[in-house]
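The values are calculated or read from the model by the stated rules, or taken from the named source; none is laboratory data. It should be emphasised that the depicted structure is a prediction, and the values quoted were computed from it without experimental measurement. Note that we place each Cβ from the backbone using ideal geometry, even for glycine, and neighbour counts take in every protein chain shown. Surface areas here come from the heavy atoms of the whole protein model, side chains and all, with no ligands, DNA or RNA. Shrake-Rupley method; radii C 1.70, N 1.55, O 1.52, S 1.80 Å.
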Amino acid sequence: MRKPEILAPAGNLEKLKIAIDYGADAVYLGGAKLNLRAFSNNFSNEEMLEGIKYCHDRGRKVYVTLNVFARNHDLNGAEEYIKGLYEIGVDAVLVADPALIAICKEAAPDLEIHLSTQANTVNWKATKFWYDLGIKRIVLARELTFKEINEITSKIPKECDIEAFVHGSMCVAYSGRCLISNYMIKRDANKGICGNVCRYKYHLVEETRPGEYYPVVEDDNGTYIMNAKDLCMIHYIPELVKSGIYSFKIEGRMKQPEYVYTVVKMYRKYADQYLKLQKEGKGKSSYHVSEADKRELLATYQRRGYCEGYYYQHNGKDMVSLKRPKNGRDG
């Protein structure tokens, strides 16, 4: 069984180095174009070169996000940009738009392509379709259960890598395909400028009683009816490994360095612990997370509670926190 990859967010060069120093096998980051974190401190060409060298000197990898849904004008200069990424040694790009996949193949035929979670891959047939088109890795949609993932991995070629989110923020919309921000404040979530309006405080107003606001749920700070809890799968590493997921992806390019340090350290520690138990012939029952480590992990950025996402359930009410987000509206 392969050692799982711990894939960490790198919102800037400092976070990249922290992630690598504390055990990440690879990092994902955004460059100057075509990525879904317009407000992150995206990498300049010089920073990307330094980051790639830092990773490669330590035997780690760098993946660059090109995961926007491109409009016609977004395609201008895309070929040169992608060719440049290949030439400076980027290990792979994450892409969702078929147009950008085509451009990657034309501009840099040897550049490894990973299919972004934005492509909403939710079944084995679609997974194999993309793999047969030359996509090395599929990042599954967040909305899948272990049962569904197990079926996918049992029916696809072993050479097809599967990546899935294991920790961090979740979106109330399906795989982040949300129009609320675009509708309310003209900031398009699928172009990297989401305003996180799902985190806002909401009240109910009856049509014939304008100005009369009714709280949906009583709370000292208001009502947060679309505030998804954060994902945390540290207790389920045995199940993640068994399901055939190769890359354990941590969300959070816009979060603080302390978050990256803590989360990467914990997932590295417990992934290694479980592999050690396996080599010793011990099973899942021997795996456990210490109370001290649990407290340290839970003390990092979170929106009032963690859950297991969709791995065990679909659209459960326990996935939503009706309390004010602990760290405000940022996502």
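With 24 Å as the limit, write out which pairs from Lys242/Lys276; Lys147/Lys255; Lys61/Lys83; Lys147/Lys249; Lys255/Lys294; Lys158/Lys294 have Cα-Cα distances beyond it, or answer none.
Beyond 24 Å between Cα atoms: Lys147/Lys255; Lys158/Lys294.
Select from Gln278, Cys232, Gln256 the residue farthest towards the positive end of the dipole of the chain; place +1 on Cβ of Lys and Arg, -1 on Cβ of Asp and Glu, and compute about the Cα centre.
The listed residue farthest towards the positive side: Gln278.
For the chain, what does -39500 (n - 2.57) per DSSP helix run (n ≥ 4), summed and divided by total residues, give at 222 nm, in deg cm²/dmol to the nearest 500?
Calculated from helices alone, the mean residue ellipticity at 222 nm is -9500 deg cm²/dmol.
Using the Cα centre of segment 1-156 as the reference point, and only Cβ charges (+1 on K/R, -1 on D/E), how large is the resulting charge dipole? Debye, rounded to the nearest 20.
Approximately 540 debye in magnitude.
How far apart, in nm, are the 7 Å Cα→Cβ label points at Leu298 and Ser154?
3.4
Check the straight Cα-Cα distances from Lys269 and name the aspartates and glutamates below 17 Å, setting aside those fewer than 8 residues away within the same chain.
Glu5, Asp21, Asp25, Glu239, Glu258, Glu280, Glu291, Asp293, Glu296
Note down the nm distance, to one decimal, between modelled labels 7 Å out along Cα→Cβ at Lys242 and at His288.
1.8
Rounded, prolate or oblate: pick one for segment 8-159, where a ≥ b ≥ c are the square roots of the eigenvalues of its C-alpha gyration tensor, a/c under 1.5 means rounded, and failing that, prolate if a/b is larger than b/c, else oblate.
Oblate, since a/c reaches 1.5 and b/c is not below a/b.
DSSP beta bridges in the chain, what fraction antiparallel, as a percent rounded to 5?
Counting DSSP beta bridges with both partners in the chain, the antiparallel share is about 15 percent.
Using a probe of 1.4 angstrom, how much of the accessible area of the chain is carbon and sulfur, in percent?
The nonpolar share, carbon plus sulfur, comes to 50 percent.
Shape of segment 79-207 from its Cα gyration tensor (a ≥ b ≥ c, root eigenvalues): rounded if a/c is under 1.5, otherwise prolate when a/b > b/c, or oblate?
Verdict is oblate for segment 79-207.
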